[in-house]
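Worksheet: one structure, shown below.
The values are calculated or read from the model by the stated rules, or taken from the named source; none is laboratory data. Note that the structure is a prediction, hence the values are computed from the model and not measured. These area figures cover heavy atoms from the full protein model, side chains too; ligands, DNA and RNA do not enter into them. Shrake-Rupley method; radii C 1.70, N 1.55, O 1.52, S 1.80 Å.
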Amino acid sequence: MLVFGESVLNDAVSIVLTNTILAMRRPEMADVSGAVAFFHGVGHFCLMFAASSAIGIASAVLSSVTFKLFDLRKTPSLEIALMLIFSYIPYGLAEGVGLSGIMAVLFAGIVMSHYTHRNLSPITQITVQQTFRTVAFMAETCVFAYLGMSIFSMYHHVKVSFVLWAIALCLVGRALNIFPLSFMANKFRIHKITPKQQFIMWFSGLRGAIAFALSLHIDMEKEKRQVLVTATLIIVLFTLLFLGGGTMPLMTILNRKKTRTKKKKELNLSKTKEMGDTVETTSEHTEAEEIRTVKPHVSKFMSLDQKYLIPWLTRIITAQEVREGQRQMATLTDKWYKEVSQRSTTEESEEDDLQTLISGNSEP
């Protein structure tokens, strides 16, 4: 979860930073001093970051209020369609105004997971979750298929020294990013990021589709562009094959050195259990106890969230709605079971008839 979250945020920041650097190439920036250009770039980066995040959060809040005010539980198809639309709105809106779509989607997903998810019916929760997983898997497959084909379909200009320096600077840059930020994050976290986890985050930092797409997006001279695209592709392959392939063996080696400790209760971060039971995030403590166990500045936000934000943005689920959701899930499960059992019975009867026919023909 830490590796995934860090990689998504890293991709979002890289897009914003690339757009900021490209904006510095405008003709009106040619005559400004270095200090002015630096502060202008920092301001542009912060503006894009904040505005994209605001669009994502606003879209997620709008979706949560919409699903709270309009009861769509009896029409799952419309509920699913609106959920898909609200998921795409922040990306399209942010890209349309020249901001970062992936940054907007990132913050929209965080807020929608916490608020909008509670307003969906059990069927929609499961359907949307599996739909997004399927679409994400298909998108990743297409992207890496394109990366593989680009090895043979593009003209490459390899600069060995440039590639080696780029790989080294990527590793150094990730170290300067992961370890200081993890140290700062541990000041606010209940569950600390251990040194082993930090090392895994640094080692498994893969360069992938976003880096390659950004290299193709940059407009420059043909020869320089070929050098940049080739170097990016080599870095992507290096991180995927060597760093990605070595992550699991490295984790196995680190776990061997770990002393035996009492096995903790597994924490389910998904809001949808297996077999279709919809639940909130699992915790061993009640909400009030959890607020008391965290640090004061964090508990203030959690108290504000429990007291104002959740009641305002989510519906109160009644006992009747819970029973109705259980009945819907039971109906779907029974329907699936009857179809499967009927198909199995038909196949068995056909096999028995075939065996009887074979036995009858074999008798003299």
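Key figures for this structure:
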| read-out | value |
| --- | --- |
| Carbon plus sulfur fraction of accessible area for segment 142-194, probe 1.4 Å, in percent | 80 percent |
| Taking segment 15-110 and dividing mean pair separation by its residue count, relative contact order in percent (alpha carbons under 8 Å, at least six apart) | 36 percent |
| Tensor-based shape of segment 1-154 (alpha-carbon gyration tensor, a/c under 1.5 rounded, otherwise prolate or oblate) | oblate |
| Rounded if a/c under 1.5, otherwise prolate or oblate - segment 81-238, Cα gyration tensor axes | oblate |
| Solvent-accessible surface (1.4 angstrom probe) belonging to I178, in square angstrom, nearest 10 | 10 Å² |
| Taking the convex hull of Cα positions in segment 137-220, its mean projected area over all directions (nm²) | 8.1 nm² |
| P(r) tail fraction, segment 34-98 - alpha-carbon pairs more than 18 Å apart, % | 52 percent |
| Heavy-atom accessible area ranking, 1.4 Å probe, most first, across D305, D71, D219, D11 | D219, D71, D11, D305 |
| For segment 1-157: accessible area per residue (Å², 1.4 Å) | 55 Å² |
| Where Rh is the Kirkwood radius over Cα pairs, Rg/Rh for segment 2-80 | 1.23 |
| HN-Hα J in Hz across segment 193-200 - Karplus 6.51, -1.76, 1.60, θ = phi - 60°, x for Gly and Pro | 7, 6, x, 5, 5, 5, 5, 5 |
| Solvent-accessible surface ranking, highest first, for F45, F38 at 1.4 angstrom | F38, F45 |
| Percent carbon-and-sulfur accessible area, segment 1-105, ignoring ligands, DNA and RNA, probe 1.4 Å | 75 percent |
